[in-house]
Amino acid sequence: MIKKATKKYSPEQVKVSNMLIDYAKPLLDAAPDLKAKEEVMFVAAFVWNATLKSKHKGEQMLADIRKSLSGRKDNLGNTSTIKLLIDRKTTLYPDEKQFIVDFEVSRADNGIFITADFEDIQ
């Protein structure tokens, strides 16, 4: 079970944490343990941020993440996984322009707890 941010974080952090969890949910649900969920969140945040860059910069970022993750047994960096994340971002949150600058995945009662920090893009 994935727990979302609660009262101890500002409303903006709660919103971004909830969006990030929702956006990455299919991959988070398939991740078997905390380490795998952290890796999913790293890739998800990276792809989220790439969608906010200019087309050329975003494509270069995505090429870089694919290259750095190539050969993984979990296929986290494969083209279909990256495409899934891009499609989920542009479908679920097309107007969200927050750049994810940090996140934390930690153990919580009955699951994990995810928080995220962001900066608005002008």
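One residue stands out in segment 97-116 among those that are among the polar types (S, T, N, Q), over 12 Å from M19 (Cβ atoms) and part of a strand (DSSP E or B): the one that is nearest to the chain's Cα centre (by Cα), namely T115. Taking segment 21-67 as the range and being of a type in the set (D, E, K, R) and closer than 23 Å to K97 by Cβ as the test, the residues that pass are D22, K25, K53, K55, K57, E59, D64. Sub-9 Å Cβ pairs linking a first residue in segment 80-92 that is in a helix (DSSP H, G or I) to a second residue that is of a type in the set (S, T, Y), at least 6 apart or interchain, are L85/Y23; L85/T51; I86/T51; R88/Y23; K89/Y23; K89/T51; T90/T51; L92/Y23, ordered by first then second residue. Taken together, G77, G58, G71, G111 contain a single residue that is on the phi > 0 side of the Ramachandran plot and surrounded by 11 or more Cβ atoms within 10 Å (Cβ to Cβ), which is G111. Considering segment 50-79, the residues that are without any contact (Cβ under 8 Å) to a residue 60 or more places away in the chain and among the hydrophobic types (A, V, I, L, M, F, W, C) include one that is nearest to A30 (Cα to Cα), namely L76.
Laboratory data are not the source of any read-out in this text; all were calculated from the coordinates shown. Since we're looking at a predicted model, the values are computed, not measured. Neighbour counts run over all protein chains shown; Cβ positions are idealised from the backbone, glycine included.
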